[in-house]
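Colleague: To start, I am sharing the structure in question, which I have written as structure tokens.
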Amino acid sequence: MLERAGVPAVSICTDAFVVPARAMADVYGVPDFEFVTIPHPIASLDPTEIDANVQAVIAAVVRILTGA
Amino acid sequence: MEPAIELPVIDIDELRRVMEEYSERGWTDGLPVMPVTESYVSGFLAQTIRDPDEVLLAMPHLDRECTVRTAAINAAMAGCRPEYFPVVLAAWSALRLEGYVERAIWQSTTGTAPMLLVNGPVRERIGLNSQGNVFGSGFRANATIGRAIRLTAINAFGLRPHELDQATQGNPAKYTACIAENEERSPWTPFHVEHGFDVQASTVTAMTMRSVVHIEARHTTVPEQLALDLADTIRRTGALIHETISACIALGPEHAELLAHHGWGKDELRRFVFEHSVNSRDALAAVGKDAVSGKTRWRLSGAHPDAVPDSAAGSDEVRVLNSEQALQIVVTGAHNSGVSAVIETFGPRGGPPAIAPVESAPA
């Protein structure tokens, strides 16, 4: 939605939602839509574990945002 | 030898081929569906003055919609008789009025199901069960009207499990969930009349629900004891995701009679249960739900970085209902024991229920 409005964006979801995320991308006509995945779950993690997840994917987020 | 009864002659291989084809295409809830033809569907469309292309419900985020024709095809596949179709149409109107479906609730991990409640003369006209085993099996109208909604969710909106339907566990009502009020054994005003409809009107009420919780209270003749059992079930901490919840009390006729015998009406029951559907702050803290998230208003521990106080901050008594109107009351089932149920509905609510009239079929 943001990208269609001209704003670069990255979707991040946990690996439990890869199949529905791919299905939604199909619905929107962009089957090759690139998104970043992190391990499930998130809701029960403490701040340190969240930080570790962020560190692990930050390079991928930047790569998608900049189209590198 | 002549057969004892005359059975219709069909080509079973052909029938099986069609059913397997529907199944392979994913057009089912897992059970076999009724094959449909244009002429079969036209029988359903003849039950309404509505345009077959009228949109009943849209999901803009999926760019998909359900029209009168799509609803008719799926009602036929579900095994409805054509004369059930006005009830199916009213169900779609009620679901649209309720507003959760368009906001993608059927894709949620919560795994809700649409519970339909039917009132009025249409119950008798099409054989809707209200008098025993109401949440169970055995009655074609109940079974297939509820199933018509599920098949439409699957076939018109593409909400298949493991794909766009992300339910973690779902619930059994996702196959079908259509009950009727036992108005004849209720000591009180029927549900639809309580909400402003004529007693001769037929209506469908939609309730997005999470579970049906069984209440055993065969032992008591004391209204407060029964009402406390109901309140204890409604306030259970496991039900709390948002700050507050909502529920429909499905009273067995025997329980309704007990209450009425002691002068309780629906308003008295509602008020008592509202006031007693309360948890102590300690009980909430024990399960880590003593505060809410400042972002989502979902319950979490007061120690969480996103935690802000809930609406009952400063009080040791925390209500699970935001108002008496978050509680609906219906009488349903057999008059044969002290059994009732709490239908745990989705969302905090507090406004009027989502009720749509069943339109008459063209003469």
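The values are calculated or read from the model by the stated rules, or taken from the named source; none is laboratory data. On a predicted model such as this, the values are computed, not experimentally measured, just so you know. Cβ coordinates were reconstructed from backbone atoms using ideal geometry, including for glycine residues, and neighbour counts include every protein chain displayed.
Colleague: Quick check on my filter: what residues within segment B:146-176 are part of a loop (DSSP other than H, G, I, E, B), within 19 Å of residue B:24 (Cα to Cα) and not aromatic (Phe, Trp, Tyr)?
Modeller: B:156, B:158, B:159, B:160, B:162, B:163, B:164
Colleague: Considering only residues that are modelled with pLDDT of 95 or more, within 15 Å of the chain's Cα centre (by Cα) and not hydroxyl-bearing (Ser, Thr, Tyr), which ones fall in segment B:340-357?
Modeller: Just the residues of segment B:340-357 that are modelled with pLDDT of 95 or more, to begin with: B:340-345, B:353-357.
This time we only want the ones that are within 15 Å of the chain's Cα centre (by Cα), so: B:341-345, B:353-356.
If the condition is that a residue be modelled with pLDDT of 95 or more, within 15 Å of the chain's Cα centre (by Cα) and not hydroxyl-bearing (Ser, Thr, Tyr), then B:341, B:342, B:343, B:344, B:353, B:354, B:355, B:356 are the ones that fit.
Colleague: Also: Only one of these is assigned to a loop (DSSP other than H, G, I, E, B), of a type outside the set (A, V, I, L, M) and at pLDDT 95 or above: B:315, B:360, B:337. Name it.
Modeller: Result of the check over B:315, B:360, B:337: B:337.
Colleague: As an exercise: evaluate residue B:342 against (1) of a type in the set (A, V, I, L, M); (2) more than 16 Å from residue B:231 (Cβ to Cβ); (3) touching a Ser or Thr at 6+ places or on another chain (Cβ under 8 Å) and give the number of the one condition it does not meet.
Modeller: The number of the failed condition is (2).
Colleague: For segment B:274-303, enumerate the residues that are over 25 Å from the mean Cα position of the chain (by Cα), within 13 Å of chain A (Cβ to nearest Cβ) and assigned to a strand (DSSP E or B).
Modeller: B:293, B:300
Colleague: Of all residues in segment A:22-36, which are more than 14 Å from chain B (Cβ to nearest Cβ) and surrounded by fewer than 13 Cβ atoms within 10 Å (Cβ to Cβ)?
Modeller: Scanning segment A:22-36 gives A:32, A:34.
Colleague: Test residue B:354 against the stated conditions and say whether it is in contact (Cβ under 8 Å) with a residue 12 or more places away in the chain and touching a helix residue (DSSP H, G or I) at 6+ places or on another chain (Cβ under 7 Å).
Modeller: yes
Colleague: Still on this structure, I have one more. Can you confirm whether segment B:141-150 contains a residue that is within 14 Å of chain A (Cβ to nearest Cβ) and either in contact (Cβ under 8 Å) with a residue 60 or more places away in the chain or among the polar types (S, T, N, Q) (or both)?
Modeller: Looking for residues that are within 14 Å of chain A (Cβ to nearest Cβ) and either in contact (Cβ under 8 Å) with a residue 60 or more places away in the chain or among the polar types (S, T, N, Q) (or both), one finds none in segment B:141-150, hence no.
Colleague: Then there's this: Considering only segment B:215-273, how many residues are among the hydrophobic types (A, V, I, L, M, F, W, C), outside any helix (DSSP H, G or I) and either within 23 Å of the chain's Cα centre (by Cα) or at pLDDT below 95 (or both)?
Modeller: 9
Colleague: From B:90, B:104, B:180, which residue is of a type outside the set (D, E, K, R) and at pLDDT below 95?
Modeller: Being of a type outside the set (D, E, K, R) and at pLDDT below 95 holds for just one of B:90, B:104, B:180, which is B:104.
Colleague: Looking at segment B:304-337, which of the residues that are out of contact with any Gly (no Cβ under 6 Å at 6 or more places or on another chain) and within 14 Å of chain A (Cβ to nearest Cβ) is surrounded by the fewest Cβ atoms within 10 Å (Cβ to Cβ)?
Modeller: Across segment B:304-337, the extreme among qualifying residues is B:305.
Condition check ((1) modelled with pLDDT of 90 or more; (2) over 24 Å from residue A:4 (Cα atoms)) across all residues:
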| position | (1), (2) |
| --- | --- |
| A:43 | no, yes |
| A:46 | no, yes |
| A:49 | yes, yes |
| A:63 | yes, no |
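Colleague: Within segment A:37-67, restricting attention to residues that are in a helix (DSSP H, G or I) and within 14 Å of chain B (Cβ to nearest Cβ), which residue is surrounded by the fewest Cβ atoms within 10 Å (Cβ to Cβ)?
Modeller: A:48
Colleague: Out of (1) within 11 Å of chain B (Cβ to nearest Cβ); (2) surrounded by 11 or more Cβ atoms within 10 Å (Cβ to Cβ); (3) assigned to a loop (DSSP other than H, G, I, E, B), the odd one out for residue A:10 is which?
Modeller: It is condition (1) that residue A:10 fails.
Colleague: Among the numbered criteria (1) of a type in the set (Ser, Thr, Tyr); (2) touching an Asp or Glu at 6+ places or on another chain (Cβ under 7 Å); (3) more than 25 Å from residue B:295 (Cα to Cα), which one does residue A:28 miss?
Modeller: Status for residue A:28: all satisfied but (2).
Colleague: Before we move on, is residue B:164 buried (at least 22 other Cβ atoms within 10 Å of the Cβ) and within 14 Å of chain A (Cβ to nearest Cβ)?
Modeller: yes
Colleague: Restricting to segment B:4-56, what's the tally of residues that are part of a loop (DSSP other than H, G, I, E, B) and within 20 Å of residue B:87 (Cα to Cα)?
Modeller: So the count comes out to 12.
Colleague: Do we have any residue at all in segment B:167-189 that's within 14 Å of another protein chain (Cβ to nearest Cβ) and farther than 26 Å from residue B:138 by Cα?
Modeller: Checking segment B:167-189: at least one residue is within 14 Å of another protein chain (Cβ to nearest Cβ) and farther than 26 Å from residue B:138 by Cα.
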